[in-house]
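Here's the structure we're looking at; comments come further down.
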Amino acid sequence: MKGKMLSVLLCCCMVSVLFAGCGGTEKESSKEQTSGESEEGGIENAKIALILPGSIDDQSWNASNYAGAKAVEEEYGVKVDVIESCAVEDFDATFTEFGEKGYDLVISAGSQFDQSIANIAPNYPDTIYTAINGVISESENMCPVYPKEYEASYLAGIVAGYATENGKFATMGGADSASMNKCLDNYDAAAVKTAKERGFADAEAARAYINSWTDIALTKSTTDQMIDNGADVVHCYSNEGQSGAVQSSQDKGVKYVAFAGNKNGEAECVIASAYADLTKLYPWAVNALIVEGVRGYTEVGISEDIISIEMTDQVSDECKAAVEAAMKDIADGKIKCEKFFSDKAK
């Protein structure tokens with residue numbers, strides 16, 4: 001009898017071992033299927049970092065990305081470690097440090113991080129590296145997310161086209177780059193088209209590149225000159241430098257259409273602000289990369305509900321209706337913003 005009982009016990013132990021082995025294999029398989037998910041599972045346990053090229057007080061790009069990180073913390077209850085004002089010469093070392101520390105996701109704000117990610121990401125395959133506005137994806141864990149800011153620019157151009165009283169637009173950018181030109185091309189196209197539809201047959205947009213994201217004085221003097229040359233609506237895509245364009249527009253009594261953040265309260269001249277809403281984009285991206293396992297290069301825009309345009313009471317109801325219609329047409333594919341890209345945007 002004791003022999004029979006011993007045999008039964010041995011069989012039970014063997015079955016338990018077999019089930020334990022299967023359980024371990026299943027866990028590994030699940031982890032492989034949700035590549036990028038933290039070991040404990042779920043976003044709330046993930047190690048996430050954000051690297052910014054500038055200060056969170058810039059009232060533009062860096063501040064918007066920081067707000068996106070805060071939205072992730074609020075929505076998922078996870079801490080995002082933020083590095084401000086990371087110098088170019090420190091990019092590789094910073095990406096390496098987070099890889100060594102076993103971070104699940106390292107987010108960087110800007111296409112200027114693309115090359116450093118390409119340098120470092122292959123060395124740390126268990127860490128996902130993404131650049132907001134990035135375009136390079138050469139390995140499984142290089143996952144740039146490109147917000148279609150140019151869709152916001154198109155909407156901003158419609159507002160400008162309704163605001164002008166002479167069909168002359170001043171358009172400025174902090175740098176002459178492909179991503180910048182995608183935005184400015186769409187803004188100019190929509191502004192000129194709308195103005196011509198309103199009867200300004202000679203409508204045109206003059207463009208200038210400041211070659212600085214932060215120089216307020218230079219941006220102001222450039223804006224002054226463009227307004228003196230006849231522009232009555234101003235638009236500038238920059239960081240701190242944009243404040244100079246707002247100051248000039250306010251001083252000279254022209255309208256200003258802002259970009260890369262909501263600046264409607266900055267001055268009376270600001271009639272609308274269009275931007276990729278990073279407080280919506282960041283939670284979307286973190287969920288897509290960590291939970292859903294999205295990989296490679298990804299573009300998001302109006303269809304993903306991350307484009308916003310805030311219009312003041314200075315904007316007419318007719319203009320607001322035109323903007324709403326354009327948003328729907330872009331989402332439905334009736335308006336293809338890509339067709340307005342110049343050679344410099346490709």
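The values are calculated or read from the model by the stated rules, or taken from the named source; none is laboratory data. Nothing here was measured: the structure is a model prediction, and the numbers come from that model. Neighbour counts are summed over all protein chains in view; Cβ atoms, including those assigned to glycine, are modelled from backbone coordinates with ideal geometry. Ligands, DNA and RNA are excluded from the accessible area calculation, which covers all protein heavy atoms including side chains. Shrake-Rupley method; radii C 1.70, N 1.55, O 1.52, S 1.80 Å.
Tabulated results
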| read-out | value |
| --- | --- |
| All positions within segment 81-134 that are over 24 Å from residue 58 (Cα atoms), touching a Gly at 6+ places or on another chain (Cβ under 7 Å) and hydroxyl-bearing (Ser, Thr, Tyr) | 124, 127 |
| Filter result (in a helix (DSSP H, G or I), β-branched (Val, Ile, Thr) and open to solvent by 30 Å² or more (accessible area, probe 1.4 Å)) within segment 266-307 | 279, 291 |
| Output for segment 172-193, where each listed residue is open to solvent by less than 10 Å² (accessible area, probe 1.4 Å) and in contact with a Gly (Cβ under 9 Å, 6 or more places away or on another chain) | 172, 174, 180, 181, 183, 184, 186, 187, 190, 191 |
| Considering residues of segment 247-265 that are of a type in the set (S, T, N, Q) and in a loop (DSSP other than H, G, I, E, B) only, the residue least open to solvent (accessible area, probe 1.4 Å) | 264 |
| The one condition in (1) out of contact with any Asp or Glu (no Cβ under 8 Å at 6 or more places or on another chain); (2) under 28 Å from residue 46 (Cβ atoms) that residue 174 fails to fulfil | (2) |
| Residue within segment 134-142 that is assigned to a helix (DSSP H, G or I), among the β-branched types (Val, Ile, Thr), surrounded by fewer than 24 Cβ atoms within 10 Å (Cβ to Cβ) and out of contact with any Cys (no Cβ under 6 Å at 6 or more places or on another chain) present | no |
| Members of segment 308-340 found to be open to solvent by less than 30 Å² (accessible area, probe 1.4 Å) and either of a type in the set (Lys, Arg) or within 20 Å of the chain's Cα centre (by Cα) (or both), listed by number | 308, 309, 330, 337 |
| Any chance residue 154 is of a type outside the set (D, E, K, R), open to solvent by 10 Å² or more (accessible area, probe 1.4 Å) and either farther than 20 Å from residue 247 by Cβ or touching a residue at least 40 places away in the same chain (Cβ under 8 Å) (or both) | yes |
| Candidate set: segment 216-240, residues that are in a loop (DSSP other than H, G, I, E, B) and at pLDDT below 95; chosen: the one least open to solvent (accessible area, probe 1.4 Å) | 238 |
| Pick from segment 90-119, criterion in a helix (DSSP H, G or I) and farther than 20 Å from residue 133 by Cα, ranking: most open to solvent (accessible area, probe 1.4 Å) | 100 |
| Meets criteria (in contact (Cβ under 8 Å) with a residue 40 or more places away in the chain, farther than 21 Å from residue 130 by Cα and not in a loop (DSSP other than H, G, I, E, B)) for residue 321 | no |
| Filter pass, residue 75 being closer than 13 Å to residue 282 by Cβ and surrounded by fewer than 20 Cβ atoms within 10 Å (Cβ to Cβ) | yes |
| Selected residue (criterion: farthest from residue 326 (Cα to Cα)) from residues of segment 194-215 that are part of a loop (DSSP other than H, G, I, E, B) and open to solvent by less than 40 Å² (accessible area, probe 1.4 Å) | 212 |
| Filter result for residue 244 (small (Gly, Ala, Ser) and surrounded by fewer than 17 Cβ atoms within 10 Å (Cβ to Cβ)) | no |
